[in-house]
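What follows is a short report on a single structure.
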């Protein structure tokens, strides 16, 4: 009995696949079938796989707009976001993923969407001597994913990238702090070094930061002593 149920299920899946293939074939031959959801999705997926991302978005968008309640409409929304991402249009991809997140906050694909949001910013981040806004945004998204879905496979991948983001942010802080140190702007330098010690421990900069904090404090103490001695001399003048 169980074997028959399994066999019936397999036959059903095969028939469903054949229907989808038939719908796609009909769509290619006859434009009158353009409003069939399965055909629209199949064509969009085909265009996506062939690297025609703009064309894929057209089919996914039509499916979403013409059949908003169909089960494939949600997958079409993800297809739109993924097509932007794969086409390296990261800002557009971010908007599409955020729209999905707002429209379907409890969807099973949310861990993937959060990961992709992080990747949008990750792929836009600059070197340590440049602005780290995108790196910080990537960090925020990866942290949000890990906090909400700690057991997700996407959280495991995000954890490795999160450490990398933190290291780059800390290195940029260190880069700026050392610049201030060389310019003898010790108070500004100390603020940067202490921020790293407070927020970015155990990522490979601990010993350097400890050295520079101590050295910067020593320089500040020397400056204070020079000011104090100068003040004492001024008082002793007749």
Quiz item: Of the residues 193, 179, which is modelled with pLDDT of 95 or more, buried (at least 19 other Cβ atoms within 10 Å of the Cβ) and either within 24 Å of the chain's Cα centre (by Cα) or farther than 23 Å from residue 121 by Cα (or both)?
Solution: 193
Quiz item: How many residues are under 26 Å from residue 187 (Cβ atoms), crowded, with 21+ Cβ neighbours inside 10 Å and under 11 Å from the mean Cα position of the chain (by Cα) when one looks only at region 126-174?
Solution: 1
Self-check item: Qualifying positions in region 101-120 - in a helix (DSSP H, G or I) and in contact (Cβ under 8 Å) with a residue 24 or more places away in the chain
Solution: 103, 110, 111, 112, 113, 114, 115, 116, 117, 118, 119, 120
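Check region 65-80 and report whether any residue there is farther than 30 Å from residue 144 by Cβ and surrounded by fewer than 16 Cβ atoms within 10 Å (Cβ to Cβ).
Here is the first cut: in region 65-80, the residues farther than 30 Å from residue 144 by Cβ are 66-67.
Keeping just the survivors that are surrounded by fewer than 16 Cβ atoms within 10 Å (Cβ to Cβ) gives 66.
Scanning region 65-80 turns up at least one residue that is farther than 30 Å from residue 144 by Cβ and surrounded by fewer than 16 Cβ atoms within 10 Å (Cβ to Cβ).
Within the bounds of region 66-74, is there any residue that is assigned to a helix (DSSP H, G or I), more than 22 Å from residue 108 (Cβ to Cβ) and at pLDDT below 95?
Step one: list which residues in region 66-74 are assigned to a helix (DSSP H, G or I), which gives 66, 71-74.
Next cut, more than 22 Å from residue 108 (Cβ to Cβ) only: 66.
Within this subset, residues satisfying the condition of being at pLDDT below 95 are 66.
Among the residues of region 66-74, at least one is assigned to a helix (DSSP H, G or I), more than 22 Å from residue 108 (Cβ to Cβ) and at pLDDT below 95, which makes the answer yes.
Determine whether residue 230 is farther than 30 Å from residue 118 by Cβ, modelled with pLDDT of 95 or more, in a helix (DSSP H, G or I) and over 23 Å from the mean Cα position of the chain (by Cα).
Numbers: farther than 30 Å from residue 118 by Cβ: yes; modelled with pLDDT of 95 or more: no; in a helix (DSSP H, G or I): yes; over 23 Å from the mean Cα position of the chain (by Cα): yes.
No: the conditions fail for residue 230.
The values are calculated or read from the model by the stated rules, or taken from the named source; none is laboratory data. Since the structure is predicted, the reported quantities are computational estimates derived from the model, not experimental observations. For neighbour counting, all protein chains shown are included, and Cβ atoms are generated from backbone atoms with ideal geometry for every residue, glycine included.
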